[in-house]
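Report on the following structure.
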Amino acid sequence: MINSIRSKQAILIGAVVLLIAFLFTRDIKGLVKPKEQTSSTPAGGQMAAQAPATAEINLEEVSTAAKNMIKAPLAAEITTLETAYKSASESDKAKEAKLLAKKWDDLEQSVPSALYLEIVANKEQTLNNWLTAGDTFMKAFDNTRDSLLQPALLQKANASYSSAMKIDSNSNDAKTGLGITIVNGMGAPMSGIAMLMDVVKKDPKNLKANMSLGTFAMKSGQFDKAIIRFKSIIAMKPSPDAYFYLGTSYENLGKNTEAIDAYEKSKKLAANATLSKFIDDKVIALKNKN
């Protein structure tokens with residue numbers, strides 16, 4: 001019982017700190033990302049089990065809330081772009097929506113960015129447009145702590161990847177994204193895992209699918225399998241998150257020496273003061289257990 005509780009706590013800590021590592025190792029442009037806003041359209045906890053097309057988020061309200069979180073000159077730039085978008089002819093809407101999506105992305109506001117990318121994809125129905133929209137909705141889903149907004153974002157990501165699959169059912173990127181949304185709540189988890197396994201079977205070096213399978217193995221307590229998955233990822237492309245999850249998996253199996261080594265490598269690659277302090281404290285605690 002104690003080991004079970006400890007495992008769950010370690011996974012939670014790992015997820016939080018991985019997010020820190022991820023954010024600080026990205027090429028963040030503009031402002032540091034503030035907390036995402038809550039849409040006025042509730043997305044109940046059961047929404048994820050419904051048809052993806054029903055998810056609704058009010059773009060205008062999301063945009064207004066996001067502008068309140070950034071500096072006035074930047075908000076003014078967004079307003080100018082929005083005015084141009086609203087006054088544009090239907091044939092030019094996609095072009096103006098792309099500019100808004102890019103501007104919001106530069107400001108690390110993924111919710112409004114994703115909504116404009118969805119507009120672009122609906123007007124210009126290409127595989128890449130739907131994949132970009134899906135990826136941005138998933139970015140918003142991963143980054144927001146808003147429990148009401150998350151299901152709607154996941155639902156929109158699922159719908160975007162489903163649209164991509166309709167264009168190219170053999171797309172590994174579309175299948176990976178769709179599988180991830182299913183495991184996160186858009187269907188039977190095992191069907192999503194099967195989809196990801198199919199991607200890895202066809203493309204063994206698919207980092208996104210492998211990483212997702214590794215984290216899902218952790219969540220289900222299959223740390224031995226997670227270790228194998230993360231070690232294969234590191235062999236392909238070492239990264240702070242892969243090493244951190246590897247360390248977390250080792251720690252949950254009581255392999256503290258291996259965990260310390262993985263954490264230290266995560267720290268070195270991330271080169272972030274906040275993460276470094278966390279890992280230093282964790283390493284000290286693990287050494288005291290040996």
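Condition test on residue 165, is it surrounded by fewer than 24 Cβ atoms within 10 Å (Cβ to Cβ), within 17 Å of residue 101 (Cβ to Cβ) and hydrophobic (A, V, I, L, M, F, W, C)? Spelling it out, it is not the case that residue 165 is surrounded by fewer than 24 Cβ atoms within 10 Å (Cβ to Cβ), within 17 Å of residue 101 (Cβ to Cβ) and hydrophobic (A, V, I, L, M, F, W, C). Scanning segment 265-290 for residues that are within 19 Å of residue 228 (Cα to Cα) and open to solvent by less than 80 Å² (accessible area, probe 1.4 Å) yields one hit, 266. Cβ contacts < 8 Å: first residue touching a residue at least 24 places away in the same chain (Cβ under 8 Å) and assigned to a helix (DSSP H, G or I), restricted to segment 185-206; second residue of a type in the set (Gly, Ala, Ser) and open to solvent by less than 40 Å² (accessible area, probe 1.4 Å), any location; separation 6+ or different chain. Result? That search, which allows pairs on different chains as well, returns 185/48; 186/48; 186/192; 199/179; 199/209. The residue of segment 88-133 that is surrounded by the most Cβ atoms within 10 Å (Cβ to Cβ), among those that are among the acidic types (Asp, Glu) and under 18 Å from residue 156 (Cβ atoms), is 118. If you filter segment 158-184 down to residues that are hydroxyl-bearing (Ser, Thr, Tyr) and part of a helix (DSSP H, G or I), you find that the one that is farthest from the chain's Cα centre (by Cα) is 163. Take the conditions (1) within 21 Å of residue 172 (Cα to Cα); (2) open to solvent by less than 20 Å² (accessible area, probe 1.4 Å); (3) part of a loop (DSSP other than H, G, I, E, B); residue 146 misses just one of them, which is (1).
The values are calculated or read from the model by the stated rules, or taken from the named source; none is laboratory data. Quick caveat, the model's predicted, so the values are computed rather than measured. FYI the Cβ positions are ideal-geometry reconstructions off the backbone, even for glycines, and counts take in every protein chain you see. Surface accessibility is based on the protein's heavy atoms, side chains included, excluding ligands, DNA and RNA. Shrake-Rupley method; radii C 1.70, N 1.55, O 1.52, S 1.80 Å.
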